[in-house]
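These notes concern the structure reproduced below.
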Amino acid sequence: PQFNRMLELIKKNKGKVDCILFLNWSRFSRNIADSYVMIEKLNKWGVQPQAIDQPIDLSIPENKFMLAVYLVSPEVENDRRSLNVRAGCRRALKEGRWVNTPPIGYSKGRDALNRVLIRPNEKAPFIKEVFELLSTGAYSQEEVRKQLNKKGVSCSRNNFNLLVKNPLYAGLIIVPENGDEERQVIKGLHEPIIEIELFHKVRTLITKKRVAPPKY
């Protein structure tokens, strides 16, 4: 928002602004394509972007090589950090630890080694009741969802549909396929809220066909 305010100020005061200063090029942008587009826009307004710690005289053509290095470095750093985070999350899933946002009925906790491990919270009994009611075949998803909402657990139709299909509640973790690695079903380290048999019974009733238990 502040950057956009600065651009508005520059446009309203054309000819009065000749330079904008920032600490280094990674503070200007962390995306090389966006950087070149913004630099071109600023140049059209007669404004030169300049880094205090990495000054470049862009009137010298050869200095554009150095500018390219400065601009691509933060993007490479972002990409590497993103790869490391995804690899760490996948490794945790394979270990049986859910490190993403916990579903309704679970909260983030820590194990004895201070690693993330979800734990059932005060809403867990309501989730168990949801599966038990659906397993009878006497109630529709919408009827059970409304009962859940009345108990103070807000859940939209779409989220409820995802909830009753979530194997986390039965202690299972899905590791999605990745490159040459096939999709896996891992027995999680967290405490399940419902039995696996109950989960598959509900899935069978919902899909109107027999759902084969996954191999794990």
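The values are calculated or read from the model by the stated rules, or taken from the named source; none is laboratory data. Just so you know, these numbers come straight off a predicted model, no measurement behind them. Note that we place each Cβ from the backbone using ideal geometry, even for glycine, and neighbour counts take in every protein chain shown. Ligands, DNA and RNA are excluded from the accessible area calculation, which covers all protein heavy atoms including side chains. Shrake-Rupley method; radii C 1.70, N 1.55, O 1.52, S 1.80 Å.
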*For the range 1-22, which residues satisfy the criterion of being touching a strand residue (DSSP E or B) at 6+ places or on another chain (Cβ under 8 Å), open to solvent by 30 Å² or more (accessible area, probe 1.4 Å) and within 22 Å of Ser73 (Cα to Cα)?*
Leu21
*Residue list for the range 159-204, restricted to those being open to solvent by 70 Å² or more (accessible area, probe 1.4 Å), over 22 Å from Ser107 (Cβ atoms) and assigned to a helix (DSSP H, G or I)*: Glu197, Lys201
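Please verify whether the range 50-57 includes one or more residues that are at pLDDT 90 or above, among the aliphatic types (A, V, I, L, M) and under 30 Å from Ser156 (Cβ atoms). It would help to see each step written out before you state the result.
To start, the set of residues in the range 50-57 that are at pLDDT 90 or above comprises 50-57.
From the residues that got through so far, the ones that are among the aliphatic types (A, V, I, L, M) too are 51-52, 56.
Within this subset, residues satisfying the condition of being under 30 Å from Ser156 (Cβ atoms) are none.
No, because not a single residue in the range 50-57 is at pLDDT 90 or above, among the aliphatic types (A, V, I, L, M) and under 30 Å from Ser156 (Cβ atoms).
Quick check, is Ile104 at pLDDT below 95, in a loop (DSSP other than H, G, I, E, B) and either in contact with a Pro (Cβ under 7 Å, 6 or more places away or on another chain) or among the β-branched types (Val, Ile, Thr) (or both)?
No, not satisfied.
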_Top-ranked residue in the range 86-127 [being among the aliphatic types (A, V, I, L, M) and loosely packed, with under 13 Cβ neighbours inside 10 Å; ranked as nearest to Asn166 (Cα to Cα)]_ = Ala87
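Taking the range 128-140, which residues are touching a residue at least 24 places away in the same chain (Cβ under 8 Å) and open to solvent by 60 Å² or more (accessible area, probe 1.4 Å)? So that I can check it myself, show each step before the final result.
Of the range 128-140, the ones touching a residue at least 24 places away in the same chain (Cβ under 8 Å) are 128, 130-132, 134-135, 137.
Hits for the range 128-140 are Lys128, Glu132.
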_Residue ranges of helices (runs of 4 or more DSSP H) in the range 2-53 with at least 3 members under 35 Å from the mean Cα position of the chain (by Cα) and without any contact (Cβ under 8 Å) to a residue 40 or more places away in the chain_ = 2-12, 32-44
*Which one of the conditions (1) closer than 30 Å to Val175 by Cα; (2) assigned to a helix (DSSP H, G or I) does Ile118 fail to meet, given that it meets all the rest?*
(2)
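Just one of Trp25, Trp45 is open to solvent by less than 90 Å² (accessible area, probe 1.4 Å), under 20 Å from Phe65 (Cα atoms), of a type in the set (Phe, Trp, Tyr) and at pLDDT below 95; which is it? I'd like the intermediate steps shown before the answer.
Numbers: Trp45 fails: under 20 Å from Phe65 (Cα atoms).
None of the others qualify; the one that does is Trp25.
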*asked:* Pull out all pairs, ordered by first then second residue, where Cβ-Cβ is under 7 Å, the residues are six or more apart or on different chains, the first lies in the range 147-160 and is within 16 Å of Phe131 (Cβ to Cβ), and the second is basic (Lys, Arg).
replied: Val153/Lys123; Cys155/Arg145; Phe160/Arg145
